[in-house]
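*Asks:* The structure under discussion is supplied below as structure tokens; questions concerning it will follow.
The values are calculated or read from the model by the stated rules, or taken from the named source; none is laboratory data. Bear in mind that the values here come from a model prediction, so they are computed numbers and not experimental data. Reconstructed Cβ throughout: ideal geometry from the backbone, glycine too, with neighbour counts over all protein chains shown. What goes into the accessible areas is simple: the full protein's heavy atoms, side chains included, and nothing from ligands, DNA or RNA. Shrake-Rupley method; radii C 1.70, N 1.55, O 1.52, S 1.80 Å.
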Amino acid sequence: STHRSDPQRILTHAPLILREVDRLSTLVRDVLDYAGPQVPRPERQDLALLIAEFTQECRKDYAETIEASGTVVEFQAGPGTHGVRVDGAQVERAFVNLFKNALEALEVEAGSRVLRIEVSRRDAEIILALEDSGPGIAPDALGRIFDPFFTTKGPRGTGLGMSIPRSLIEANGGNIRVDSQLTRGT
């Protein structure tokens with residue numbers, strides 16, 4: 001505000017300020033999500049349609065990162081994913097968090113960058129899978145990724161990232177699991 005007469009300085013700093021405000025907003029929301037009870041308001045949903053919408057939104061919201069990293073985002077859905085009772089807003093929150101984590105893993109990866117999203121039915125289960133071709137998760141960290149305040153991102157991470165989707169998914173009657181191999185993705 002002290003440099004109102006310098007439009008170039010404003011143009012230089014405005015994007016940084018906006019990014020930091022977004023980052024702080026996410027951090028506050030993460031802390032509130034972690035601290036507060038996750039009480040779902042379930043409605044009957046077609047999970048494939050819901051995830052297709054969330055994928056499109058994420059493609060728009062993270063278009064710059066996707067393009068800059070050369071990431072290919074693939075979406076596939078099978079039949080029989082309707083009639084699931086979930087809180088769409090909570091599923092969206094969990095999905096966006098997982099999508100963002102996968103993109104961040106791909107940013108550091110050289111070569112082909114692919115983020116696959118698939119919704120399918122196996123017997124009585126409906127499965128939502130996100131798979132990235134990133135560097136994978138070290139075996140010593142794999143068992144801890146859902147622990148609150150555990151992070152492999154150094155000062156960039158809060159450690160709340162994976163504990164939040166877990167609590168949201170479990171609150172909606174689901175479960176979450178991670179498979180990962182170093183250099184082969186997660």
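A quick yes/no check of all residues on (1) closer than 13 Å to Thr186 by Cβ; (2) of a type in the set (Val, Ile, Thr):
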residue: Val84; (1), (2): no, yes
residue: Ala89; (1), (2): no, no
residue: Leu98; (1), (2): yes, no
residue: Ala110; (1), (2): no, no
residue: Arg121; (1), (2): no, no
residue: Ala124; (1), (2): no, no
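*Asks:* Another question about this same structure. Need at least 3 residues that are at pLDDT 90 or above and open to solvent by less than 50 Å² (accessible area, probe 1.4 Å) per element, so show me which helices (runs of 4 or more DSSP H) inside the range 1-95 make the cut, counting only ones lying wholly within it.
*Replies:* Details: elements: 7-35, 47-61, 63-69.
In the range 1-95, 47-61, 63-69 are the helices (runs of 4 or more DSSP H) which contain 3 or more residues that are at pLDDT 90 or above and open to solvent by less than 50 Å² (accessible area, probe 1.4 Å).
*Asks:* Of all residues in the range 96-127, count the ones that are in contact (Cβ under 8 Å) with a residue 24 or more places away in the chain and in a strand (DSSP E or B).
*Replies:* 9
*Asks:* Read through the list (1) touching a helix residue (DSSP H, G or I) at 6+ places or on another chain (Cβ under 8 Å); (2) more than 18 Å from Asp61 (Cβ to Cβ), then give the number of the only condition that Asp123 fails.
*Replies:* Going through the list (1) touching a helix residue (DSSP H, G or I) at 6+ places or on another chain (Cβ under 8 Å); (2) more than 18 Å from Asp61 (Cβ to Cβ), Asp123 breaks only (1).
*Asks:* Does any residue of the range 149-159 turn out to be modelled with pLDDT under 90, surrounded by fewer than 13 Cβ atoms within 10 Å (Cβ to Cβ), over 14 Å from the mean Cα position of the chain (by Cα) and under 27 Å from Pro42 (Cα atoms)? Write out each step before concluding.
*Replies:* Kept after step one, since they are modelled with pLDDT under 90, are these residues of the range 149-159: 149-159.
From the residues that got through so far, the ones that are surrounded by fewer than 13 Cβ atoms within 10 Å (Cβ to Cβ) too are 149, 153-156.
Then drop every residue that is not over 14 Å from the mean Cα position of the chain (by Cα), which leaves 149, 153-156.
Then drop every residue that is not under 27 Å from Pro42 (Cα atoms), which leaves none.
Taking every residue of the range 149-159 in turn, none turns out to be modelled with pLDDT under 90, surrounded by fewer than 13 Cβ atoms within 10 Å (Cβ to Cβ), over 14 Å from the mean Cα position of the chain (by Cα) and under 27 Å from Pro42 (Cα atoms).
*Asks:* For Leu182, state whether it is closer than 22 Å to Thr65 by Cβ, open to solvent by 50 Å² or more (accessible area, probe 1.4 Å), aliphatic (A, V, I, L, M) and modelled with pLDDT of 90 or more.
*Replies:* No: the conditions fail for Leu182.
*Asks:* Taking the range 107-119 on its own, how many of its residues are touching a Pro at 6+ places or on another chain (Cβ under 9 Å) and open to solvent by less than 50 Å² (accessible area, probe 1.4 Å)?
*Replies:* The qualifying residues number 1.
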